[in-house]
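Remarks on the structure that follows.
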Amino acid sequence: MTEKKPIVYQKLKDVPEVVVSEGNMLWNRTGTWRYLRPRYLNMTPPCNQGCPAGNDVEGFISLIDQGKYVEAWKLLKEENPFPKVCGRVCYHPCETVCNRSEFDDSIAINALERFAADFVPQNLKPEKIKPDTGKTVVIIGSGPAGLAAAYHLARMGHAVTVFEADEAPGGLMRYGIPEYRLPNAVLDSEIDDIKALGVKIICNHKIKKESDWKELKAFNAVFIGTGVHGNNQLGINNENTKGVYPGLEFLGAVIRGKPPGLGKQTVVIGGGNSAIDSARCALRLGSQVSLYYHRSRKEMPAFEEEIYEAEREGLKVHFLRQPVEILASNGKVTGIRLRQTMLGEPDKSGRRRPEPVPGTEFDLEVDSIITAIGESAELDFLPPEVQTERGRINVDELGLTSHPGVFAGGDAALSTHNVAVAIGSGKAAACAIDTWLKEEKPNDLKERIMIGQTGAVSVARYLKTGNAHSSNTDTKHVVAFKEINTNYFETVARHKMRKLSMEERSSDFSEISLGFTQDAAVNEASRCFHCGVCTMCDNCYVFCPDVSISRKQVDDRGYEIAMDYCKGCGICVNECPRSAMIMEEEQ
């Protein structure tokens, strides 16, 4: 064996500028030094946990960023039958919890969902996942909860029939949300997707009383999604006078093309979305509109952006005011008496209770009054076996009622009333119903299929059919902003939604929000941190000092770590921009 002689440099100029090795170092197995080892682990992005409908938010945004728009729509449809609808009317709590909001501004998730759904051709339809089971399910009510349950149950192979009391399906998506926010054609296109799975929707069929339940015994399971269609009363004089319109009745009349004549001056009482929608409809019908709410703006339950748009359109909003009496003459409203309020201690809702201020009454002359102070469920048709409390159907976390085989969801069973939450409840119930029909025990079912630690459920997890792009898989740990390596990101302005001008929207019900262009959608998607999800950025590969990380050779997705040479230094984990790796103790 030739003796290795040491290299001696006589002069400084002979020393090479970089370290050079003429041999390899494979003989030096530095993995023997290791007491910690790195591991790739997809975490839960906060947006995924924050979506009430259970969308794989990070996943579909990643696909848009890659220009894979159809794949993005398919990923959305794995969890949500209504991405077009939600892309227009969802209150997008996913954006509130977006880590990017602590860096510059949250991702425009709502607009990206709409883009992915609108981009897909009408002839592309979702497909069943499982063959026919021979089991039958009846859905009472075709609102977002009922149709979400029907959609997923049909995909699971069950025969589904939906009974709807009104003349067309959709519930309050159709009869409670004006067309300037949600055009009927958009809603119909996604209901057509549900029908394409074989779901039968029978309209003008109302379950009126307990005896009507006899026809439901022919089905293996029942889901109740009747929603809330009763208007709460103000409890003041002359409330039933001509010229006083309950909010939902008014919205329904407008949407059906039969709006009442309001006159020059209209007052709206309330602070929720129905109140704001009623006010904006009244503005489009040519009336001057003022809205009175008995709390402050901070306590107002309506979506902030809807309040902002209403004020831009001319709505005058007055806070800390409550009605005392409706003034009438000859059976027709002539005015309203209001008084000031002040905020006291918090009530059961957590909001500060409005208290009247004595001696502050004042009168207004008005032609019409719209009351929108909340809605209630009509539950007289339920049999006594289905228990109710505080005007809602009692259900567990997956929608099971007190009567075996009967499930419920949506506004009739939940305290939170909005489309996305209703969709999530219908989806959770579909998983529970499928478990019931298979005569399996639903032990810890919610925990197994829940997204993150507090999120909605995932049908992909339930069916174990996760899309290759899905990030709803590895762990329930939700990535916090402090876990993002922001050195790898630059501040970029959030793209704004295009909207009709004030002049264009002043006198008709054309859709206001116009959606993202393709360039805007791709640019906005590129802003996403992809919290906790590996995007194959190669940082771990580039920064590994032991060259122990390499790309997988099979499908070129993911990396492999040669543990013979990884000494557990943790540089790869530190340099991961999005916290998709962890260090764990060597076993």
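Charges at C-beta only: +1 for Lys and Arg, -1 for Asp and Glu. How large is the resulting dipole of the chain about its Cα centre, in Debye rounded to 20?
200 debye
Which of VAL547, VAL478, GLN518 sits closest to the plus end of the dipole of region 477-553, meaning its Cα is farthest towards the positive end, when Lys and Arg get +1 and Asp and Glu get -1 on the C-beta?
VAL547
So for each of 125-135, 308-318 I average, over its residues, the number of other beta carbons within 10 Å; can you give me the resulting order with the highest mean first?
Put in order of decreasing packing, that is 308-318, 125-135.
Using amide H atoms built in the peptide plane, which far-off residues or other-chain residues are under 5 Å from VAL547 H to H?
Amide H to amide H, under 5 Å and 5 or more residues apart or across chains, VAL547 pairs with nothing.
Provide the percentage of antiparallel DSSP beta bridges, counting only those with both residues in the chain; round to the nearest 5.
Just about 50 percent of them are antiparallel.
Let me spell out the model: positive unit charges on the Cβ of Lys and Arg, negative unit charges on the Cβ of Asp and Glu, origin at the Cα centre of region 244-344. What dipole size does that give, in debye rounded to 20?
In debye, rounded to 20, region 244-344 gives about 380.
Based on DSSP, what percent of beta bridges with both residues in region 241-379 are antiparallel, to the nearest 5?
Bridges in region 241-379 that DSSP calls antiparallel: roughly 50 percent.
Using a Förster distance of 60 Å, how high is the FRET efficiency between LYS214 and TRP33, based on the Cβ-Cβ distance and rounded to 0.05?
The formula returns an efficiency of 0.20 here.
Leaving out ligands, DNA and RNA, and with a 1.4 Å probe, what % of the accessible surface on the chain is carbon or sulfur?
The computed percentage sits at 49.
May I ask you to order 232-240, 440-448 by the average number of other C-beta atoms within 10 Å around their residues, highest value first?
232-240, 440-448
For a label point 7 angstrom out from the Cα of GLN387 toward its Cβ, which stretches of region 195-225 have the backbone nitrogen within less than 20 Å?
222-225
Collect residues whose amide H, placed 1.01 Å from N in the peptide plane, falls under 5 Å from the amide H of ARG353; neighbours closer than 5 in sequence don't count.
Those lying under 5 Å, H to H, from ARG353 are GLY344, GLU345, ASP347.
Among (i) 249; (ii) 214; (iii) 163, find the value of volume of the Cα convex hull per residue in Å³ that was calculated from the structure presented, and write down its label.
Entry (ii).
Of the options LEU251, ASN240, ALA302, report the single residue whose Cα projects farthest towards the positive end of the charge dipole of region 215-330 (beta-carbon charges: Lys, Arg +1; Asp, Glu -1).
Of the candidates, ASN240 comes out farthest on the positive side.
Quick one: compute the contact order of the chain, relative version, from alpha carbon pairs under 8 angstrom and 6+ residues apart, as a percent.
Taking the mean separation of contacting Cα pairs over the length of the chain, I get 23 percent.
Pop the C-beta distance of ARG448 and LYS13 into the FRET formula with R0 = 45 Å and round what comes out to the nearest 0.05.
0.10
Mind checking which of GLY87, TYR40, PRO52 is farthest towards the positive end of region 31-122's charge dipole, using Cβ charges of +1 (Lys, Arg) and -1 (Asp, Glu) about the Cα centre?
Positive-most Cα among the choices belongs to TYR40.
Given only helices, namely DSSP H runs of n ≥ 4 each adding -39500 (n - 2.57), what is the per-residue ellipticity at 222 nm of the chain, to the nearest 500 deg cm²/dmol?
Mean residue ellipticity, 222 nm, calculated: -7000 deg cm²/dmol.
Based on alpha-carbon centroids, what's the gap between region 169-220 and region 527-564 in Å, whole number please?
Using only Cα atoms to place each centre, the spacing works out to 48 Å.
The values are calculated or read from the model by the stated rules, or taken from the named source; none is laboratory data. Small disclaimer: the values here were computed from a predicted structure and weren't measured. Methodologically, a virtual Cβ is constructed for each residue, glycine included, from the backbone with ideal geometry; neighbour enumeration extends over all protein chains shown. In case anyone asks, the SASA skips ligands and DNA or RNA and just uses the protein heavy atoms, side chains included. Shrake-Rupley method; radii C 1.70, N 1.55, O 1.52, S 1.80 Å.
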